[in-house]
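Visitor: Structure below; questions to follow.
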Amino acid sequence: MLSLSKHEAPLQVIVTFLRSAIFFLWFALVSAAICIVFLPALILPRKITVWMSRRWSALNFWGLRVIAGVRFEVRGRVPANGVLVAAKHMSMWDTMALYLALDDPAVVLKRGLQFIPFYGWYITKVGSIAIDRSGKGSAVRKMVAAARRALAQGRSILIFPEGTRKKPDAAPDYKPGVAALYNQLGVECVPAALNSGLFWTGFIKRPGRIVLEFLEPIPPGLRSRDFMKVLQDRVESGSCELVAEGRALLERGSDVTQ
């Protein structure tokens with residue numbers, strides 16, 4: 001169902017819907033073509049699939065900009081390899097953007113995604129860290145072990161601490177898995193804030209500028225409780241500021257795509 005803000009005129013609603021529909025077709029065609037063409041990559045070295053995944057994200061972002069009028073901006077210092085990155089999660093855009101911004105990160109995700117045809121094969125091949133949420137203690141141990149192997153390869157670890165997508169105004173719900181990684185890996189944690197949920201709202205893509213911001217790193221060594229408080233405070237306050245900034249532009253009807 002089409003649900004747009006009160007600031008959008010009827011004609012703008014129609015145009016946004018049509019642009020979103022065209023982008024959906026672009027996304028589907030690009031995804032299908034790449035999945036089929038690169039099937040042989042599944043038996044070749046991992047780096048080939050990593051390259052393919054980054055090209056897939058880049059092509060979809062090109063379509064998002066040209067077709068739907070959605071651009072993006074990266075703020076802050078993009079972290080080097082060998083760190084833990086903990087990001088807010090509002091939409092599918094987040095995974096693609098962070099995979100492009102970072103250099104071959106190992107993404108922590110739910111195990112069920114691996115069973116999706118094509119998509120699951122490729123996320124497994126690139127070396128994602130799949131966790132079984134019902135496994136509790138054993139799942140955490142496996143996650144930490146896989147993260148250590150990724151760090152030994154010179155990669156960073158990317159995790160969405162809430163474990164699922166949240167709407168911009170939803171109450172935070174940070175899971176303890178990120179604290180387990182932080183304590184066991186002994187590396188700094190880079191929080192990341194964003195406001196993608198204002199513009200990538202399911203099927204509808206609202207024209208504007210999504211902002212991804214890397215925040216001040218959290219040094220290793222904090223107690224779990226202290227770490228979780230600092231992480232949540234930074235990610236939530238940073239994301240709230242970006243959401244407020246995005247909403248102000250949308251409400252003024254500013255040309256946020258320039």
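Visitor: Among all residue pairs at least 6 apart or on different chains, which show Cβ distances below 8 Å where the first residue, located in region 156-168, is at positive phi and the second is among the charged types (D, E, K, R)?
Guide: G163/K110; G163/R133; G163/D173; G163/K175
Visitor: Quick check on region 181-197: of everything there that is in a loop (DSSP other than H, G, I, E, B) and more than 18 Å from the chain's Cα centre (by Cα), which residue is surrounded by the fewest Cβ atoms within 10 Å (Cβ to Cβ)? First the steps, then the outcome.
Guide: Of region 181-197, the ones in a loop (DSSP other than H, G, I, E, B) are 186-188, 195.
Add one more test, that the residue is more than 18 Å from the chain's Cα centre (by Cα), and what stays is 186-188.
On the way: G186: 11, V187: 18, E188: 16.
Filtering region 181-197 for residues that are in a loop (DSSP other than H, G, I, E, B) and more than 18 Å from the chain's Cα centre (by Cα), the one surrounded by the fewest Cβ atoms within 10 Å (Cβ to Cβ) comes out as G186.
Visitor: On to the next question. Please go through region 1-21 and pick out each residue that is modelled with pLDDT under 85 and either of a type in the set (D, E, K, R) or not in a helix (DSSP H, G or I) (or both).
Guide: Matches in region 1-21: M1, L2, S3, L4, S5, K6, H7, E8, A9.
Visitor: Further question on the same structure: Regarding region 149-163, can at least one residue be identified that is surrounded by fewer than 14 Cβ atoms within 10 Å (Cβ to Cβ), assigned to a helix (DSSP H, G or I) and modelled with pLDDT of 95 or more?
Guide: The first filter runs over region 149-163 and keeps only residues surrounded by fewer than 14 Cβ atoms within 10 Å (Cβ to Cβ), leaving 149, 152-154.
Narrowing the set further to residues that are assigned to a helix (DSSP H, G or I) leaves 149, 152.
Still in the running and modelled with pLDDT of 95 or more: 149, 152.
Yes - at least one qualifying residue is present in region 149-163.
Visitor: Evaluate the following for P172: is it touching a residue at least 12 places away in the same chain (Cβ under 8 Å), over 18 Å from the mean Cα position of the chain (by Cα) and surrounded by fewer than 19 Cβ atoms within 10 Å (Cβ to Cβ)?
Guide: On the way: touching a residue at least 12 places away in the same chain (Cβ under 8 Å): yes; over 18 Å from the mean Cα position of the chain (by Cα): no; surrounded by fewer than 19 Cβ atoms within 10 Å (Cβ to Cβ): yes.
It is false that P172 is touching a residue at least 12 places away in the same chain (Cβ under 8 Å), over 18 Å from the mean Cα position of the chain (by Cα) and surrounded by fewer than 19 Cβ atoms within 10 Å (Cβ to Cβ).
Visitor: For residues in region 44-55 being surrounded by fewer than 21 Cβ atoms within 10 Å (Cβ to Cβ) and not β-branched (V, I, T), which is farthest from the chain's Cα centre (by Cα)?
Guide: Checked region 44-55; the qualifying residue farthest from the chain's Cα centre (by Cα) is L44.
Visitor: Within region 198-232, can you find the residues that are surrounded by 18 or more Cβ atoms within 10 Å (Cβ to Cβ), in contact (Cβ under 8 Å) with a residue 40 or more places away in the chain and either in a helix (DSSP H, G or I) or β-branched (V, I, T) (or both)?
Guide: L198, T201, I204, I210, V211, F227, M228, L231, Q232
Visitor: Further question on the same structure: Give I116, I218 a once-over and let me know the one that is at pLDDT 95 or above and out of contact with any Ser or Thr (no Cβ under 6 Å at 6 or more places or on another chain).
Guide: Values: I116 fails: at pLDDT 95 or above.
Answer to the selection: I218.
Visitor: On to the next question. In region 83-135, which residues are of a type in the set (K, R) and surrounded by 20 or more Cβ atoms within 10 Å (Cβ to Cβ)? Don't jump to the end; show me each part of the working.
Guide: Taking region 83-135 and keeping what is of a type in the set (K, R), we get 88, 110-111, 125, 133.
Passing the criteria: K88, K125.
Visitor: Somewhere in region 233-250, is a residue surrounded by fewer than 19 Cβ atoms within 10 Å (Cβ to Cβ) and farther than 25 Å from M92 by Cβ?
Guide: Quick first cut of region 233-250, residues surrounded by fewer than 19 Cβ atoms within 10 Å (Cβ to Cβ) only: 233, 236-237, 240-241, 244-245, 247-250.
In the following step, the residues that additionally are farther than 25 Å from M92 by Cβ were identified as 233.
Looking through region 233-250, at least one residue is surrounded by fewer than 19 Cβ atoms within 10 Å (Cβ to Cβ) and farther than 25 Å from M92 by Cβ.
Visitor: So which residues in region 56-75 are under 17 Å from the mean Cα position of the chain (by Cα), farther than 25 Å from G238 by Cα, of a type in the set (A, V, I, L, M) and surrounded by 16 or more Cβ atoms within 10 Å (Cβ to Cβ)?
Guide: Result: L59, single match.
The values are calculated or read from the model by the stated rules, or taken from the named source; none is laboratory data. Note that the structure is predicted; figures quoted are calculated from it, not measured. Quick reminder, even Gly has a Cβ in these numbers, built from the backbone with ideal geometry, and neighbours come from all protein chains shown.
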